[in-house]
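Bear in mind these aren't lab numbers, they're just calculated from the coordinates by the rules spelled out. Nothing here was measured: the structure is a model prediction, and the numbers come from that model. Here the Cβ is made from the backbone with ideal geometry for all residues, glycine too, and neighbour counts use every protein chain on show.
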Amino acid sequence: METGYIIAGPEYQTFGGPNLGFLLIALFAIAGSGLFADDKNGKVIEIYLSRITKKEYVIGKIGAILTYINLFLMIPIMVVVTLMLQSWGEPQIQYWELYLRIIWFSFLYSLVIGMIILFLSSILEKRNYASLAFFLIYLVGSIFSIEAIQSNPS
């Protein structure tokens with residue numbers, strides 16, 4: 001059997017990676033949007049910063065959003081690939097590079113998505129506004145990427 005890694009063609013791709021579905025993107029937006037916005041709105045940043053440095057505070061927020069996104073992104077992809085390889089009767093050890101690529105993709109994807117969410121959470125005062133802004137940015141990006149794929153089918 002061929003060892004190619006292409007699981008889906010470009011017609012299934014959207015802005016930033018695979019089509020994760022609107023429910024999953026909404027979960028990312030809702031969870032991450034309150035990380036800075038709720039602290040600013042509740043006036044608790046001063047309490048946090050009195051005990052820890054700003055650097056530790058930001059690293060903790062980034063770590064929280066990366067962990068959350070990877071929980072819903074990397075684990076399901078790993079399970080699907082493992083089950084797919086088992087159904088093909090292929091030995092898992094031959095595809096160790098595929099697993100490394102999944103980990104790398106999940107980390108980069110969660111880093112980009114997480115930074116956008118945290119940026120919106122830090123500039124907007126309310127969780128709802130940050131969630132809505134991220135969801136709209138993702139939706140508009142998906143529409144433009146679908147248009148680009150349909151206009152350039154090569």
Subtracting the Cα-Cα distance of LEU111 and LEU132 from 0.36 nm times their residue separation yields 5.6 nm
For 90-102, 73-85, 107-119, ranked highest to lowest by mean beta-carbon neighbours within 10 Å, the order is 107-119, 73-85, 90-102
Once normalised by the length of region 61-154, the mean sequence separation of its alpha carbon contacts under 8 Å that are 6 or more apart gives a contact order in percent of 30 percent
